[in-house]
Each structure stands twice: as C-alpha cells, then as structure tokens.
Amino acid sequence: MSFTYDDVGATRETGFCPPGFHPLHVRTRIGEGEDVFRRAAEAVMTWEMHRAMGVGIDASADRAATDVDVTVTLAGMIKAPCRVVWTVEEYRRTGWAYGTLAGHPECGEEAFVVERTGDGTVWLSVNAFSRAAKWYSRAAGPATRGLQHAYARRCGAVLRKLSAPESEY
C-alpha cells in the first residue's frame with residue numbers, strides 16, 4: 001500500500017504544512033527529569049500511550065520503527081491504516097511519525113515526539129498536517145480538526161499519567 005500524500009517525512013520539519021492541508025501543533029508539559037523522559041519515551045515508542053487512550057492499535061512490530069504498519073481503530077469502527085515514516089531516538093529526543101495509507105479517513109502525517117529540554121522539563125509535541133480523505137471527514141469539516149486537537153491534548157494528558165513518578169500514583 002502506498003501513502004496518500006506526497007510530502008512523506010515532512011513532519012521532521014516542525015511547522016511545515018503542505019498547501020491544501022491543515023496544520024496541527026500541540027505541545028504538552030509531561031514532567032521533569034531523566035526518569036520521566038525515559039518512561040514517556042518508552043510509552044510513545046511501544047504504542048502504550050495510544051493504547052492507554054483507548055484506541056485500538058494493530059502494529060506489525062512491538063516498537064515504532066520505519067516501515068512498521070499500524071492500524072488505529074477509533075470507537076471500535078473507524079479503521080485508520082498508517083505506516084511509520086521516521087523515528088528518532090536521541091539522548092534528549094525520542095519519537096516517530098506515521099503517514100496515512102489508503103482507507104484512512106484523513107490524508108497526511110502525524111508525529112509524536114518526547115523531548116527533554118536543558119532545564120530537565122519533559123514535553124510531548126504532536127505535530128501533523130492533514131486534510132479529509134473520506135466523505136464523512138469532509139462532511140464533519142472543522143469538527144474533524146477540533147477532534148484532532150482534542151486527541152493531541154489527550155495524548156499529553158495520558159502520557160503525563162503514564163510517566164509520573166510512582167510516588168504520584
């Protein structure tokens with residue numbers, strides 16, 4: 001299956017949005033310190049964050065890696081096939097992006113990156129560009145973009161809980 005858009009891998013460049021697509025950028029503070037960063041990075045790379053949000057994840061590998069196929073199931077009904085287009089695992093930055101495949105209700109790319117800044121603060125950035133690909137996505141119009149923003153904010157809230165030190169449970 002091939003990608004449904006041309007600018008594959010473009011989410012590596014924060015702020016890039018191809019003409020005709022809608023941008024998304026949501027940055028959420030997760031916590032502080034190396035342990036929080038490691039827990040957050042692992043939760044993102046192993047699909048744990050997504051599963052904890054209640055979405056179905058069917059992936060061809062246990063960890064995000066380039067060319068891993070992933071089908072996200074929303075509300076038990078909507079299947080969204082994707083493929084991981086890039087990953088990063090650095091000392092202070094870990095994450096990945098996937099691009100849409102045929103059958104996805106949207107067309108575009110979405111990246112999930114955990115970063116630890118110089119002061120030790122850990123952040124999740126969700127960056128994406130998309131446009132409607134199915135009739136029901138087009139019919140929903142701006143509501144679809146609102147749902148995408150809510151989903152990105154929920155990613156941050158869920159990852160904050162997953163990454164919190166055990167003393168905070």
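Some observations on this one:
- Computed over protein heavy atoms with a 1.4 Å probe, the accessible surface of the chain works out to 50 Å² per residue.
- Hydrodynamic radius of the chain per Kirkwood, over alpha carbon pairs, in Å: 16.1
- Equivalent-ellipsoid semi-axes of the stretch 80-169, from the Cα gyration tensor, Å, largest first: 29, 16, 10
- Cα long-axis angle, helix 142-163 against the chain (0 to 90 degrees, to the nearest 10): 20
- The angle between the Cα long axis of helix 34-45 and the main principal axis of the chain comes to about 20°, on a 0 to 90 degree scale.
- About the centre of its Cα atoms, the chain shows a dipole size close to 620 debye [charges on the beta carbon of Lys, Arg (+1) and Asp, Glu (-1) only; nearest 20 debye].
- The stretch 72-122 and the stretch 1-57: distance between their alpha carbon centers, rounded to Å: 3
- Of Ala152, Ala132, Ala143, the one that fluctuates the most in a GNM where the chain has Cα springs shorter than 10 Å: Ala143
- For the stretch 1-75, the list of GluC sites (Glu not before Pro) that fall in a loop by DSSP and count at most 12 other C-beta atoms within 10 angstrom reads Glu13.
- What a 1.4 Å probe finds exposed on the chain is 51% carbon and sulfur by accessible area, rounded to a whole percent.
- Between the residues Leu24, Val85, Ala65, the greatest Cα displacement towards the positive end of the dipole of the stretch 1-85, with unit charges on the Cβ of Lys, Arg, Asp and Glu, is found for Leu24.
- Among the chymotrypsin sites (Phe, Trp or Tyr not before Pro) in the stretch 34-113, those placed in a DSSP loop whose Cβ has at most 14 other Cβ atoms within 10 Å are Tyr91.
- Charge dipole (the chain, unit charges on Cβ, about Cα centre) - positive-most of Val158, Ser2, Pro105: Pro105
- About the Cα centre, charge dipole magnitude for the stretch 77-155 (Lys/Arg +1, Asp/Glu -1 at Cβ), debye: 360
The values are calculated or read from the model by the stated rules, or taken from the named source; none is laboratory data. Model, not experiment: these values are computed from the prediction. Reconstructed Cβ throughout: ideal geometry from the backbone, glycine too, with neighbour counts over all protein chains shown. Heads up: the accessible areas ignore ligands, DNA and RNA and are worked out on the full protein's heavy atoms, side chains in. Shrake-Rupley method; radii C 1.70, N 1.55, O 1.52, S 1.80 Å.
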